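Please read the structure below before turning to the comments.
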């Protein structure tokens, strides 16, 4: 609560809302704690698929600094359903054709792009051009070039851009970062990180190269890649990767199962696995000079478990999307760059590209 | 108990002890179940280090078909201590110099070689030449050539040779084999296997190349390698490996931390890690078409835990060494090749050599 209060005070202060902090008297503080933030930022969701429906919209209801203000969808039935369910005003509801008119809507502060990967770029650029801040789901896009266009467009429009790396706001993952950064168990020695699941419906966009850009690696392997980076606190120096495909029909267009190996500049190594064809891998492990730490499950929307050689980690389960969106809202209020900006998303796309390049060339890829 | 009885009956029957199995009446069966085996094979332990002291000798007390009959040690104090503790007759106690006289000792049936890796060959060959069956600790030796010499010597002497792959007799690992073989969850898709620990005393033989042949990989990585083989039921087609060394003083002579990647002929891939420089990795995971299975801890002397997507595995904790030695004793009694013969040990040494070769060459090694 103390943390919440401090954050809130900071937020309203820096956002320019006129509150005198000079007195700091107890009654003032109590009043402030009980109050809602003066302004909740209006979020418009672009793409009303299962992630928006089951995670992001419910997550928005748990935020402190955000509200579900608008929607963008090409499906009339979805628009009607959401309008009724979330009491969304008609003027805040868009189709992909009318989307650019969002620039005239002061009720929308942030556009959250929840479309298939290969559409993140177009809608991020259009949102920025409409003067909106943008939160893009991960992976940021399907190529480094697209990511750069997104960064450039937001910069040009003087709007903030962040990528939906929800794990970076979850206590268990923050603890992995802290253990590494503070050398709680001394320096990191090695990392293992894996995430995969058995994908269902063979007709879904995730299995289409044009929309997804890639398969398991782009979709869930990216969590393991992120994990190795923030657990080591380093950027990969070399990557070697391997692919196997046991179902070339279902996975005709995208990767099914990939192993990759990272060497970090300090010599720390990481072994990673991702797959769309079996369940059970959902883990982030690190061995240190004098101990170890592991999250398993590590990347699910909830129910994470962590332990170290000293025992179980004791952290609350938070709503990953609410936490992520509240952080971005605070960044906007404070005009402060997100900890997961476009540059962070681009970095991963560059690394994912190196993994594919290693697979195709059969060689170790040295990163610059 | 039914299983025990059947095994026992089979054993005494095939070992040539005259018991009529024709009647099969209840009184006969009860008598047989209560009785001790007619003959327990006499084991002589060569090398009285911590493994013999803390695991193998206590394990022998729990066997049904074995007894601690003799010892071979270069240390007078150890010989005295063991003689008193285990009531070993003076004529069954040898030094490395007098070892070959074991050929005249009918009380010793099996020599269990528990010496540093690079001494397994010499003592296996001498034991075979003395007419004894041989159980060699893992890794079998430090080179394929040495392994072949051991196999040849035992063959020439018409004695059985087995390697101390204790996990291959443990219910949790037998279950991993069964799940793969019977395709309980369909075909294997991918495997992760890792074993490591933080090694203590920097002066121990395990850190000396001449005695150990290698470091973490030879000593504990071999468990993970074995795990990938019996979980997939296949032999590796390609291996790519990577090494890092964060303490070049302590690990001047042997490997500290190694990652390796295996591609099996069917396309199944495995990612593995071993280290002498951190704790926490002790795991065998497999993902299958319709499920997954994991042992963690997988390779400890006891306290193993297994689970699948269906829930926890429910198996008794057995004494790994007692089970391994009883199996070898039964092989001898039945004149039947062990399931972990010299050829199995050699196979792993060839693969470990390929891992080192990959590290040194920076290339993927294709196995023949």
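Throughout, read-outs are computed from the coordinates displayed, never taken from laboratory work. The model shown is predicted, which means the values in this text are computed figures rather than measured ones. Neighbour counts run over all protein chains shown; Cβ positions are idealised from the backbone, glycine included.
Before moving on, here are some points about what is shown:
- Between identical copies, the spacing of residue B:76 label points, each set 7 Å from Cα toward the C-beta atom, reads 10.2 nm from nearest to farthest.
- Across peptide B:249-259, the mean count of Cβ atoms from other chains lying within 10 Å of each residue's own Cβ comes to 2.
- Here the peptides B:295-307, A:123-135, A:81-93 are ranked by packing, the mean other Cβ count within 10 Å, and the order with the highest first is A:123-135, B:295-307, A:81-93.
- Relative contact order [Cα under 8 Å, 6+ residues apart], segment B:39-166, whole percent: 22 percent
- Likely footprinting exposure, A:244, B:53, fewest C-beta neighbours within 10 Å first: B:53, A:244
- Per-copy distances of the residue B:367 label point, shortest first, in nm (7 angstrom along Cα→Cβ): 3.1
- Other protein chain C-beta atoms within 10 Å of residue C-beta, averaged over B:289-301: 2.
- Take each residue of peptide B:187-200, count the partner chain Cβ atoms within 10 Å of its Cβ, and average: the result is 4.
- The Kirkwood radius of segment B:183-268, taken over pairs of alpha-carbon atoms, gives through the Stokes-Einstein law at 4 °C and 1.567 mPa s a diffusion coefficient of 90 µm² s⁻¹.
- Report summary: the helix-based calculation at 222 nm, which adds -39500 (n - 2.57) for every DSSP H run with n ≥ 4 and divides by the residues of chain B, gives -10000 deg cm²/dmol.
- Altogether, the Stokes-Einstein calculation at 10 °C and 1.306 mPa s, with the Kirkwood radius of segment B:128-256 over Cα pairs as Rh, returns a diffusion coefficient of 93 µm²/s.
- Peptide packing: for A:146-152, A:181-187, the average count of neighbouring Cβ atoms within 10 Å per residue gives the ranking A:146-152, A:181-187, highest mean first.
- Nearest-to-axis residue in chain A, judged by Cβ distance to the rotation axis that brings A onto B and given in whole Å, is A:271, 2.
- Label points for residue A:343 are taken 7 Å from Cα along Cα→Cβ. From this copy to the others they lie 6.1 nm apart, shortest first.
- Gain on full stretching of the segment that runs from residue A:201 to residue A:54 - 0.36 nm per residue minus C-alpha separation: 51.2 nm
- Simple label model, 7 Å out from Cα along Cβ direction - residue A:357 to residue A:335, nm: 3.8 nm
- Distance histogram in 20 Å bins (all Cα pairs of chain B, percent per bin): 28, 57, 15, 0
- Cα convex hull, segment B:30-160: 116 Å³ per residue, rounded to a whole number.
- Cβ-Cβ distance of residue A:307 and residue A:145, R₀ of 41 Å, FRET efficiency by 1/(1 + (r/R0)^6): the value works out to about 0.50.
- Alpha-carbon Rg/Rh ratio, for segment B:223-330, with Rh computed the Kirkwood way: 1.01
- Based on Cα atoms of the protein assembly as shown, Rg over Rh with Rh as the Kirkwood radius reads 1.08.
- Cβ crowding within 10 Å averaged over residues, with A:210-218, B:57-65, B:263-271, A:224-232 ranked highest first: A:224-232, A:210-218, B:263-271, B:57-65
- Mean sequence separation of contacting Cα pairs (under 8 Å, at least six apart), scaled by the length of chain B, corresponds to a relative contact order of 18 percent.
- Choice from A:75, A:257, A:273 showing the highest fluctuation, given a GNM over chain A with Cα pairs closer than 10 Å: A:75
- Ranked B:43, B:99, criterion: other C-beta atoms within 10 Å, fewest first: B:99, B:43
- Summary of the geometry: segment A:111-176 and segment B:222-277, compared by the centres of their Cα atoms, lie 38 Å apart.
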